[in-house]
Each structure stands twice: as C-alpha cells, then as structure tokens.
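K.L.:
This is the structure, below, for whatever I ask next.
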Protein chains: 2
Amino acid sequence: MVEKVVHAIQDEYPDDFAWCYGCGRLNVEGHHFRTGWEGDHTITEYTPKPEHTALPRFVYGGLIASLIDCHGTGSASLAMHRKNGFEPGEGQKPPRFVTASLRVDFLKPTPHGVPLKAIGKVEEIHPKKFKVATEVFADETLCARGEVEAVVMPSSFLKEVE
Amino acid sequence: MVEKVVHAIQDEYPDDFAWCYGCGRLNVEGHHFRTGWEGDHTITEYTPKPEHTALPRFVYGGLIASLIDCHGTGSASLAMHRKNGFEPGEGQKPPRFVTASLRVDFLKPTPHGVPLKAIGKVEEIHPKKFKVATEVFADETLCARGEVEAVVMPSSFLKEVE
C-alpha cells in the first residue's frame with residue numbers, strides 16, 4: 001500500500017492530545033490513523049491487521065467505526081486549521097476535536113487484506129462544530145458510509161473526572 | 001470487577017462465526033465481549049485496557065462504539081434465540097447477526113480505569129431485523145447512548161468476496 005498522506009493533522013496534535021488509541025502518534029499500541037487533505041476532501045488510509053476480523057476474510061465493523069470516528073475528528077481539525085489560515089506541515093498546533101455523535105451504515109461486507117480508504121467531506125455547522133460525511137472504500141469498493149459530528153474539545157475536558 | 005454474565009450468547013456461536021475481534025471467543029487478540037440476559041435487558045461488561053485511551057484518563061470512543069456494536073448483534077441473537085424457545089447455556093446454536101447500522105451519542109467523557117457496562121433493550125422490527133437501544137455506563141455514570149440495527153447474517157455472507 002502506498003501511504004498518500006504526507007502531512008497528517010495528527011502528526012501535529014500537541015503531545016498531551018496524542019494518546020488516542022485510534023489516531024494518537026504516542027499511543028504505541030494504537031492504530032495510528034493519519035488524516036490529511038486530498039484536494040477539498042480529507043483522506044485516511046489504513047490496512048487492518050490480521051486479527052481485525054468480523055469473520056475470517058471480512059473486516060471487523062468496530063474497526064471501521066473507529067476509522068470513521070478518528071477520520072471525522074481529524075477532518076474537522078484540518079478544516080478549522082485551514083479556516084484559521086494554516087495547513088498541516090507548517091508547524092502550528094491545530095485545534096483538537098472530540099466526537100459528539102457517530103453514525104455508520106454498513107453497506108456490504110468489507111473484504112480483509114486490502115487497504116481501506118476513508119474519504120471525507122467536511123461541513124461547518126457552527127463555529128465550533130463540524131459535520132464530516134465519510135465513505136469507506138476497500139480498494140475501489142464502497143463498503144460503508146459514516147457521519148461524525150465533531151466539536152472543539154472543551155477546555156474543561158481534562159478536568160471532568162478530577 | 002465481577003463478571004455477571006454467566007451464559008453469554010457468544011459462548012455458543014458456531015466456531016466459524018466466533019472470530020470477531022470484538023466478541024469472538026476464538027479471536028485471541030480481541031476484546032472477548034460477552035453478552036447475556038439480565039431480566040428483560042441485555043448486558044455486556046468490559047474493562048478497557050490501559051491503551052484504550054482517547055486522552056489519558058478517558059476511554060477511546062472507538063472502543064465504546066465497538067462495545068455497542070457487538071452488544072447490539074449479541075443482544076439481537078439473544079432475543080431471536082429466546083423467541084425460538086432457547087436460552088444460552090442450553091446448547092443450541094444461536095443465530096448470528098450482522099450490523100446494518102450503528103449510532104453512538106457520546107454524552108460525556110468516559111473515565112478510564114473502571115468497568116463499562118452496556119445495557120440493551122431489544123425490539124423486533126422485522127422477523128430478521130432487530131433494533132437494540134443501548135446505554136453505556138462507567139460505574140454508575142451514563143456516558144454514551146447507542147442504537148444498532150442488526151440483521152440475520154445472510155447465508156451468502158461467506159461467499160460475497162469469493
């Protein structure tokens with residue numbers, strides 16, 4: 001698989017926010033999803049591990065949901081960063097989003113053993129809230145559609161359970 | 001954490017259908033979610049691993065989505081099995097469901113380090129399709145709501161990508 005994403009937004013999350021099991025570069029055990037621009041769309045590519053099965057030869061739905069989720073928050077961060085005048089790779093710290101809601105429609109069984117590609121379209125629905133519509137392809141086959149509503153992480157987030 | 005689910009539906013899935021990364025007992029690397037009845041509700045309990053973080057001290061949303069997903073298909077299987085006159089633990093092979101759609105609303109950050117409990121309410125919406133409304137608690141705190149539409153696995157499923 002060719003990794004197309006050169007400058008991913010997750011590469012530039014502040015260290016304190018880089019521990020996500022899905023997309024945190026500092027989470028050693030995690031998936032390390034990386035999301036970047038491809039024209040006006042966002043893209044995240046990932047090849048599932050052997051154990052990520054629903055049945056043998058098919059990809060686990062929870063992994064697809066995870067991909068859509070992190071692709072959604074990453075896409076929202078990309079969009080707000082661009083709105084602020086920045087692109088990943090330029091060194092500015094991007095805003096970090098959290099997921100308010102996640103929806104996944106599984107259209108057909110997703111074959112295991114080929115790269116998955118999540119393609120997202122981002123829409124601002126509030127200055128601090130973005131909606132990301134995503135299509136997940138296995139090779140060229142559309143297998144799932146997703147929608148994420150992502151909001152800027154509240155500054156109180158880290159204090160919630162203290 | 002006390003494991004309350006004695007007879008889980010996943011314990012009785014046929015071997016060919018026990019490879020799910022979320023709930024397959026034969027998937028060595030997986031989560032091994034187990035779903036059973038608690039009165040008229042269904043329940044799945046799971047304590048996230050140290051790496052299942054969104055940020056330090058909070059649970060990864062993709063794991064919560066995965067829990068709701070497998071809890072949904074397991075709950076649908078429990079309900080259809082009961083409708084057919086059987087309970088898990090009696091030795092009959094239950095029907096296996098797949099997820100048609102998944103919805104998760106993240107209500108508040110989910111604290112890491114405590115057991116999660118998914119509680120489901122199952123509704124038949126078609127003889128081969130069930131809707132499962134789920135609430136996810138961390139200890140006693142409601143942190144997420146989910147809805148899964150699960151359908152009986154098509155007999156063609158294993159042939160889709162041949």
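K.L.:
So which residues in segment B:65-115 are assigned to a strand (DSSP E or B) and either surrounded by fewer than 24 Cβ atoms within 10 Å (Cβ to Cβ) or facing chain A (nearest Cβ under 9 Å) (or both)?
P.N.:
Of the residues in segment B:65-115, the ones assigned to a strand (DSSP E or B) are B:97-106, B:111.
Selection gives B:VAL98, B:THR99, B:ALA100, B:SER101, B:LEU102, B:ARG103, B:VAL104, B:ASP105, B:PHE106, B:PRO111.
K.L.:
Restricting the search to segment A:35-53, which residues are closer than 19 Å to B:TYR21 by Cβ and of a type in the set (Asp, Glu)?
P.N.:
Selection gives A:GLU51 alone.
K.L.:
Look at A:THR53 and say whether it is surrounded by 20 or more Cβ atoms within 10 Å (Cβ to Cβ) and more than 7 Å from every other protein chain (Cβ to nearest Cβ). Give the steps one after another, and end with the answer.
P.N.:
On the way: surrounded by 20 or more Cβ atoms within 10 Å (Cβ to Cβ): yes; more than 7 Å from every other protein chain (Cβ to nearest Cβ): no.
Against the criterion (surrounded by 20 or more Cβ atoms within 10 Å (Cβ to Cβ) and more than 7 Å from every other protein chain (Cβ to nearest Cβ)), A:THR53 does not qualify.
K.L.:
Can you find a residue in segment B:23-45 that is in contact with a Lys or Arg (Cβ under 6 Å, 6 or more places away or on another chain), within 13 Å of another protein chain (Cβ to nearest Cβ), among the hydrophobic types (A, V, I, L, M, F, W, C) and within 23 Å of B:MET153 (Cα to Cα)?
P.N.:
no
K.L.:
Restricting attention to segment B:127-150, which residues are closer than 17 Å to A:GLY62 by Cα and open to solvent by less than 40 Å² (accessible area, probe 1.4 Å)?
P.N.:
B:VAL132, B:THR134, B:VAL136, B:ALA144, B:GLY146, B:VAL148, B:ALA150
K.L.:
Pairs under 8 Å by beta carbon, first residue over 19 Å from B:LEU142 (Cα atoms) in segment B:65-77, partner at pLDDT 95 or above and assigned to a helix (DSSP H, G or I), six or more apart or different chains?
P.N.:
Sorted first by the residue in segment B:65-77, then by its partner, the pairs are B:GLY74/B:ILE9; B:GLY74/B:GLN10; B:SER77/B:ILE9.
K.L.:
Additional query: With (1) more than 9 Å from chain B (Cβ to nearest Cβ); (2) over 20 Å from B:HIS31 (Cα atoms); (3) of a type outside the set (Val, Ile, Thr); (4) open to solvent by 10 Å² or more (accessible area, probe 1.4 Å) as the list, and A:PHE17 as the residue in question, which single condition is left unmet?
P.N.:
(1)
K.L.:
If A:GLY62 meets every condition in (1) more than 14 Å from chain B (Cβ to nearest Cβ); (2) open to solvent by less than 10 Å² (accessible area, probe 1.4 Å); (3) free of Cβ contacts under 8 Å to residues at least 24 places away in the same chain apart from one, which number is that one?
P.N.:
If we test A:GLY62 against (1) more than 14 Å from chain B (Cβ to nearest Cβ); (2) open to solvent by less than 10 Å² (accessible area, probe 1.4 Å); (3) free of Cβ contacts under 8 Å to residues at least 24 places away in the same chain, just (1) comes out false.
K.L.:
Against the conditions (1) over 29 Å from A:PHE58 (Cβ atoms); (2) surrounded by 15 or more Cβ atoms within 10 Å (Cβ to Cβ), where does A:GLU124 fall short? Just the number, please.
P.N.:
It is condition (2) that A:GLU124 fails.
K.L.:
Among the residues of segment B:22-67, what is the count of those that are among the aliphatic types (A, V, I, L, M) and farther than 18 Å from A:HIS31 by Cβ?
P.N.:
Step one: filter segment B:22-67 for residues among the aliphatic types (A, V, I, L, M), giving B:26, B:28, B:43, B:54-55, B:59, B:63-65, B:67.
Subset that is farther than 18 Å from A:HIS31 by Cβ: B:26, B:28, B:43.
Counting residues in segment B:22-67 that are among the aliphatic types (A, V, I, L, M) and farther than 18 Å from A:HIS31 by Cβ gives 3.
The values are calculated or read from the model by the stated rules, or taken from the named source; none is laboratory data. If you're wondering where the values come from, they're calculated on a predicted model, not measured in any experiment. Every residue, glycine as well, gets a Cβ built from its backbone with ideal geometry; the counts of neighbours run over all protein chains shown. With ligands, DNA and RNA removed, areas are computed over all heavy atoms of the protein, side chains included. Shrake-Rupley method; radii C 1.70, N 1.55, O 1.52, S 1.80 Å.
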